[in-house]
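Have a look at the structure below before the remarks.
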Amino acid sequence: MKVSIIGAGNVGSTCANYLACSGKVNHIILIDKTEGHAEGKCMDINQSLSILKNNNTKVEGCTSNYKIIKNSDIIVIAAGARRTAEMTRNDLLKINSKIIESTLSECLKYSPQSIFIIATNPLDNMVYKALSFSKISRNKIIGMAGVLDNARYITLISEKLNINPSNINSLVIGSHNDNMLILPRFTTIEGIPLSYFMKQKDIDDIIKQVKTIGKKIINLSGRSAYYAPGVAIAKIVESINYNKKTIITASVMLNGEYGFKDCCIGVPILLDKNGLNKIVELDLNSEEKQSFKKCIEAIKEQNIHLK
Ligand code: LAC
């Protein structure tokens, strides 16, 4: 399995490091546009592999020469600018849209058959851009956000109740921003509804925290999150690589599901070795439908600026 990661920033290199150290992938390529950056990160990762006595994994770094990604099974796009104080969301949208375009054109030259995982923000718009620009089939472009948002939700529940997070099953769908839909009625602890363990007031408080925890991490650490985002991407890589047939939440193109089309948004999907196998359509209640529609409208409104 060959996995190429474009963008050796914090998210891309955390993902590469996890995939390498866990021994899940045996050939990893890291590419960055800044001279020497990816090469330096790879030296560091390869030294970890020596400590771990892992001789089966090869990690190679390279500056902007995409030839090295030839025949990758999976390509992760973790390249993109971060919003600075003087930038609007639309400025970021336009800058990152151009980065998705230039990165994808290079990737498609050398590895058109790959499955792509997109991690660049604003996530749902960038997945849409990747699909409309590349015109490749929707099953091959998966946006990572839901795994992260679910992990944040699960972590908060687990901390509040002092229960092992692996017991908790949750569902967070919609857009990867404050509009996201956190669905407590689809949240269970070993099959038992969350409401059995927690008062509505505490559930509401956790929902509020999930929506703002990305900002809290920036405020506390001075950087946007990267450990959990990097591992979340790696989990998607692993699920595809081993054809695990897992249900995860990811941003994919709707084609009539949930009553919408021409929009990428977080929904539960069945993931297999070919990427998106199918979208799981939930029977949302009227309030949830309204919130989902609000997400769709906001994403579509932003998509206009991608053109
Ligand atoms: C976050 C960024 C990584 O949610 O999207 O922290």
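Residues of region 46-68 that are under 18 Å from residue 3 (Cβ atoms) and of a type in the set (D, E, K, R): 58, 60, 67.
Evaluate region 145-158: report whether one residue or more is farther than 30 Å from residue 73 by Cα, free of Cβ contacts under 8 Å to residues at least 24 places away in the same chain and in a loop (DSSP other than H, G, I, E, B). No, that holds for no residue.
Of the residues that sit in region 167-215 and are away from the ligand (no atom under 14 Å from the Cβ) and among the hydroxyl-bearing types (Ser, Thr, Tyr), which one is nearest to the chain's Cα centre (by Cα)? Within region 167-215, the match that is nearest to the chain's Cα centre (by Cα) is 170.
Return yes or no: is residue 207 at pLDDT 95 or above, aliphatic (A, V, I, L, M) and more than 26 Å from residue 122 (Cβ to Cβ)? Criteria not met by residue 207. Note on region 272-307: residues that are among the aliphatic types (A, V, I, L, M), farther than 28 Å from residue 240 by Cβ and open to solvent by less than 50 Å² (accessible area, probe 1.4 Å) amount to 1. Note on region 1-96: enclosed strands (runs of 3 or more DSSP E) holding 3 or more residues that are closer than 22 Å to residue 128 by Cα and open to solvent by less than 50 Å² (accessible area, probe 1.4 Å) are 2-6, 74-77.
Per-residue answers, yes or no, for (1) away from the ligand (no atom under 16 Å from the Cβ); (2) assigned to a strand (DSSP E or B); (3) aliphatic (A, V, I, L, M); (4) surrounded by 17 or more Cβ atoms within 10 Å (Cβ to Cβ):
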| position | (1), (2), (3), (4) |
| --- | --- |
| 217 | no, no, yes, yes |
| 220 | no, no, yes, no |
| 224 | no, no, no, no |
| 229 | no, no, no, yes |
| 235 | no, no, no, yes |
| 263 | yes, yes, no, yes |
| 270 | yes, yes, yes, no |
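Among what's in region 103-142 and is more than 16 Å from the ligand (Cβ to nearest atom) and β-branched (Val, Ile, Thr), pick the residue that is surrounded by the most Cβ atoms within 10 Å (Cβ to Cβ). The residue in question is 141. When you scan region 145-158, do you find a residue that is open to solvent by 50 Å² or more (accessible area, probe 1.4 Å) and either modelled with pLDDT of 95 or more or touching a Phe, Trp or Tyr at 6+ places or on another chain (Cβ under 9 Å) (or both), even just one? Yes: region 145-158 contains one or more residues that are open to solvent by 50 Å² or more (accessible area, probe 1.4 Å) and either modelled with pLDDT of 95 or more or touching a Phe, Trp or Tyr at 6+ places or on another chain (Cβ under 9 Å) (or both).
Taking the criterion of being open to solvent by less than 90 Å² (accessible area, probe 1.4 Å) and within 20 Å of residue 166 (Cβ to Cβ), the residues of region 191-202 that qualify are 191, 192, 193, 194, 197, 198.
The values are calculated or read from the model by the stated rules, or taken from the named source; none is laboratory data. On a predicted model such as this, the values are computed, not experimentally measured, just so you know. So basically every Cβ, Gly included, is an ideal-geometry build from the backbone, and we count neighbours across all protein chains shown. What goes into the accessible areas is simple: the full protein's heavy atoms, side chains included, and nothing from ligands, DNA or RNA. Shrake-Rupley method; radii C 1.70, N 1.55, O 1.52, S 1.80 Å.
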